[in-house]
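Report on the following structure.
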Ligand SMILES: Cc1cc2nc3c(=O)[nH]c(=O)nc-3n(C[C@H](O)[C@H](O)[C@H](O)COP(=O)(O)OP(=O)(O)OC[C@H]3O[C@@H](n4cnc5c(N)ncnc54)[C@H](O)[C@@H]3O)c2cc1C
Ligand SMILES: Cc1cc2nc3c(=O)[nH]c(=O)nc-3n(C[C@H](O)[C@H](O)[C@H](O)COP(=O)(O)OP(=O)(O)OC[C@H]3O[C@@H](n4cnc5c(N)ncnc54)[C@H](O)[C@@H]3O)c2cc1C
């Protein structure tokens, strides 16, 4: 047993750390440090910097543009990226649809889509959830009917993150209305500019527009846009959601946020002393740091397991990463809110309806409101507990 | 980065688990607790035969030269079985003083007896008002000729009523809470002026309050520097905290297992209560608490090898916070999910809860260690 990184791993860490230090555009870094959102253009620029370096899809197999790094290196890379801080590559492309395409897609699809995902030439969005189908995703109703070599798609998706920017959508559609729940679903991708696609933005409680309703009204999609086999979409969706969970601990990001808390709490005053000197506040912060340390090690255990056993099925213990990771991220936004106190109150709408005038306090309350999402999406924390109860505890 | 056990460590784990599975079920434990001294001498001899008592000592000293991971393996197993024997007091604490600070002669005088199981030790440290501050020592050791005269009172000395030799912290210089001027002395428990009042503890183990009145010991009694033993004391106590973290992980693991087994079998409303989602989620949260604690126990175990006291203390303190919090949650929920039977002495689950509760406050509770981590600036800086 040895919890330290090897010399080679440490050298690798220094290499990526230096790269991030030298290459993240300063304005992007500043916005992230202050807890602001990055815009589409910023993410495109950053992804292209990464892609030029060969790191935009680091975790993909080498033949599709990946790096061939070990799971430990992948872990170090993500951790350093988040803690730099640098924007995370668009998950819908690189972590979700990309792996589904290179695992289940045909050669033509791999050629057509994968390089464009790596370079963020296509902005992808995820069309899974529907108004009647959230946690119970398999109850989805959007249909795709085959007619004259095309799928005709009708229905509605919702909570579709950043669909307003999207060029492409990957969608779960019911192709066999007779089959029982899970078995009649297919995984279909198509152009968001197709005729019959309507996007309606939804404003979230932080004031931003992060999610949308997406309506499909007789949208015609070529049959070659089916990924894998017809009616096997549920298997691909499960594969995709399993991949989503391993990245969800976001330890590096939480470390970076704690640095921000410490920085603000050392300057924001309560009377004659900074907030960080308040024993009650400091204890809450320290307790969070300890939980995060434990989570970091738990994550390393999951990674080490993956190194040993290969990346087969997702480890059910990774549900811990989701539950604790989101819990810590939310606590951190609470602590930031507490540091800011009454200065968090002014609400002025800015770009995209977001409350982001250029002062340090303005992103704090929206960040807190926005982060209630992390225990809802990606399989809600209650669903994660169901998974543990079933897969680990055998209940 | 590697969380695997080596081949030798795996064999050790198998043999300890095997030994305890054969001879340490809950009914046997009840019998052992009723023996004179509150534990089984026969078990202790078996531990010696299997080499467990010599594990951390160097081969030169007659031991096996094993590391922190081996101790963790043994302590986890002992936590799972709720072992009563004085392993912590004798091997980790008493033995730890000799291992980290003992002279050649002191080692020769004491280690063979520890390793072959014929002698036990105990650590007399806690005072009436010292609470968790290791530097708060008002027991005195005054120079007399070449030797020392010890006066003072020590409380809740783990296994103090059966130990052959006590390691006593005493002030040789300075004020009550000064960090310097503290010594650690080897005192035979039958020395003139030593009064031992033994009693059972809440978790069915034993402890003693011990009074020292004009107790005379020779120059060879002092372990290390009699005027500056605090770093040694901190070192040994950190080892004990690390061992307790592992023991707690073992006890939590068994608590969760037993509880999940119980709710799968217990029927109410015509179904197994384990089918109720509210209990399933409680189980999931217990699992999360256990695994977070296990991660920190690993961190602490690895920190055991760090000589830099500050760095080591940060990891050990953080681990003790996590273990304290997890232990409380897992312990309380294990009782809750058992319903009425969880409240009884007859059922083993209550005994796990009681042991976990005692571990929480041994050598610093979660609040104490949280303050230490905060004072050290936490893990994330710059
Ligand atoms: C900001 C944001 C972005 C999102 N982005 C996307 C996206 O890009 N694409 C996409 O497809 N989806 C997206 N989602 C949707 C997300 O996946 C769903 O919100 C999630 O699956 C929960 O579904 P729901 O909102 O319908 O809640 P419901 O499923 O109705 O759940 C409501 C509550 O009931 C609990 N619950 C539900 N079932 C159970 C059960 N069996 N046991 C115990 N408790 C249960 C839930 O945990 C929750 O607390 C996003 C959501 C948010 C908030
Ligand atoms: C100190 C003490 C004194 C008592 N004194 C008396 C007395 O004088 N007279 C008397 O008649 N009784 C007495 N009782 C019994 C007491 O009322 C029962 O213990 C209580 O009703 C719980 O039943 P149980 O112990 O069988 O636990 P169970 O019913 O087996 O419950 C075990 C666990 O499952 C949970 N659970 C059970 N059903 C559900 C459900 N549907 N949904 C979710 N969770 C569930 C429980 O909350 C508990 O956590 C006493 C109990 C104790 C501990």
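Values quoted throughout were computed directly from the atomic coordinates according to the rules given, and no laboratory measurement underlies them. In this text, all values refer to a predicted model and were calculated from it rather than measured experimentally. Positions of Cβ are generated from backbone atoms using ideal geometry, with glycine treated the same way; all protein chains shown enter the neighbour counts.
Bridge orientation summary for the protein assembly as shown: considering DSSP beta bridges with both residues in this region, about 85 percent are antiparallel.
In deg cm²/dmol and to the nearest 500, what is the mean residue ellipticity at 222 nm of chain B if only DSSP H runs of at least 4 residues count, each as -39500 (n - 2.57), divided by the residue total?
-16000 deg cm²/dmol
Note on residue A:308 and residue A:147: the extension gain reaches 53.2 nm, defined as 0.36 nm multiplied by sequence separation minus the Cα-Cα distance.
Within a 10 angstrom radius of the beta carbon, how do B:40, B:361 rank from fewest other beta carbons to most? With the fewest neighbours first, B:40, B:361 line up as B:361, B:40. Computed per residue of chain A from DSSP H runs no shorter than four, each worth -39500 (n - 2.57), the mean residue ellipticity at 222 nm is -14000 deg cm²/dmol. Can you compute the label reach from residue B:346? Point 7 Å from Cα along the Cβ direction, backbone N cut-off under 18 Å, restricted to region B:2-30. B:26-30, by backbone N distance to the label point. Extension gain, residue B:357 to residue B:22: 0.36 nm times the residue separation minus the Cα-Cα distance gives 117.9 nm.
Model label points for residue A:283 and residue A:69, set 7 angstrom from Cα along the Cα-to-Cβ axis, are 4.0 nm apart. So what's the gap between the Cα centers of region B:126-155 and region B:44-72, to the nearest angstrom? Region B:126-155 and region B:44-72 have Cα centres spaced 30 Å from each other. What shape does region A:245-391 have by the C-alpha gyration tensor, where a ≥ b ≥ c are the square roots of the eigenvalues, rounded means a/c under 1.5, and otherwise prolate means a/b greater than b/c and oblate the rest? Cα axes put region A:245-391 in the prolate bin.
Cβ-to-Cβ counts within 10 Å put B:373, B:149 in ascending order as B:149, B:373, the fewest first. Distance between the pseudo-spin-label points of residue B:192 and residue B:60 (7 Å out from Cα toward the beta carbon): 3.7 nm. How much FRET efficiency would the formula 1/(1 + (r/R0)^6) give for residue A:180 and residue A:348, where r is the Cβ-Cβ distance and R0 is 51 Å, rounded to 0.05? Efficiency, from the Cβ-Cβ distance: 0.50. Take the Cα of residue A:139, go 7 Å toward its beta carbon, and the backbone nitrogen atoms of region A:175-191 under 16 Å from that spot belong to A:180-183.
Compute the FRET efficiency between residue B:178 and residue B:309 as 1/(1 + (r/R0)^6), taking r as their Cβ-Cβ distance and R0 = 25 Å, and round to the nearest 0.05. My answer for the efficiency is 0.90.
With both labels modelled 7 Å from their Cα along Cα-to-Cβ, the residue A:21 to residue B:268 distance reads 5.9 nm.
Can you tell me the 0 to 90 degree angle between the C-alpha axis of helix A:233-246 and the longest principal axis of chain A, rounded to 10? Value to nearest ten degrees: 10.
One Cα centroid belongs to region A:362-395, the other to region A:194-216; the line between them spans 22 Å. Judged by the gyration tensor of its Cα atoms, with axes a ≥ b ≥ c, region B:7-119 is oblate; a/c meets the 1.5 cut and b/c is at least as large as a/b. Between 0 and 90 degrees, rounded to the nearest ten: what's the tilt of helix A:251-267 against the longest Cα principal axis of chain A? For A:251-267 against chain A, the angle is about 30 degrees.
The mean sequence separation of alpha-carbon pairs under 8 Å and at least six residues apart, normalised by the residue count of region A:192-235, gives a relative contact order of 34 percent.
Note on residue B:144 and residue A:270: with the Förster distance fixed at 51 Å, the Cβ-Cβ geometry gives a FRET efficiency of about 0.40. Distance between the C-alpha centres of region A:54-118 and region A:254-273: 35 Å, rounded to the whole angstrom. The angle separating the long axis of helix B:104-115 from the principal Cα axis of greatest extent in chain B is about 30 degrees. In a fully extended conformation the segment linking residue B:42 and residue B:214 would gain 58.3 nm over its present Cα-Cα distance, using 0.36 nm per residue. Mind running the shape call on region A:7-89? Use the C-alpha gyration tensor, a ≥ b ≥ c as the square roots of the eigenvalues: rounded below 1.5 for a/c, prolate if a/b tops b/c, oblate otherwise. Because a/c hits 1.5 or more and a/b fails to exceed b/c, region A:7-89 counts as oblate. With a 10 Å Cβ neighbour count serving as the proxy for reagent exposure, in which order, fewest first, do B:100, B:369, A:59 appear? Exposure proxy ranking, most exposed first: B:100, A:59, B:369.
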